[in-house]
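Participant: Okay, here's the structure, questions in a sec.
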Amino acid sequence: MTILVTGGLGYIGSHTVVELLKNNFEVAAVITAPDKPAGRGQKVKYSDVKEYALNNNLKILQPTNLKDESFLAVLSDIAGVVAGAANSDLTSL
């Protein structure tokens, strides 16, 4: 089964991806918030799930609008969705 992981930027999202891969699921992509400056120095810091995806050559989706047609086209090709606790926005699609 092909899986799309969304909604867990940190520990939950990255460990969800690890467990899915260990159990022979195909992770088609991870969805994470767009990069933005944070902290005193306003440096861009990637989320944990994005770091993991980069290190493991997984597709990363960072839509600024969840209703964007190009983003929705990518979603239509994916068989399953794993929604993390941090993101309920996909329920309105």
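Participant: Which one is most open to solvent (accessible area, probe 1.4 Å), of the residues in the stretch 12-61 that are in contact (Cβ under 8 Å) with a residue 12 or more places away in the chain and among the basic types (Lys, Arg)?
Facilitator: Across the stretch 12-61, the extreme among qualifying residues is Lys59.
Participant: If you scan the stretch 14-42, which residues turn out to be under 15 Å from the mean Cα position of the chain (by Cα), among the polar types (S, T, N, Q) and within 21 Å of Asp77 (Cα to Cα)?
Facilitator: Correct list: Thr16, Thr32.
Participant: Could you tell me how many of the residues in the stretch 38-52 are outside any loop (DSSP other than H, G, I, E, B) and at pLDDT 90 or above?
Facilitator: Number satisfying all stated conditions: 2.
Participant: Identify all residues within the stretch 53-83 that are in contact with a helix residue (DSSP H, G or I) (Cβ under 9 Å, 6 or more places away or on another chain) and assigned to a helix (DSSP H, G or I); write none if there are none.
Facilitator: Of everything in the stretch 53-83, those that are in contact with a helix residue (DSSP H, G or I) (Cβ under 9 Å, 6 or more places away or on another chain) and assigned to a helix (DSSP H, G or I) turn out to be Ala53, Leu75.
The values are calculated or read from the model by the stated rules, or taken from the named source; none is laboratory data. Computed from a predicted model, the values in this text were never measured in an experiment. When we count neighbours, we look across all protein chains shown, and the Cβ atoms used for this are built from the backbone with ideal geometry, even at glycine. With ligands, DNA and RNA removed, areas are computed over all heavy atoms of the protein, side chains included. Shrake-Rupley method; radii C 1.70, N 1.55, O 1.52, S 1.80 Å.
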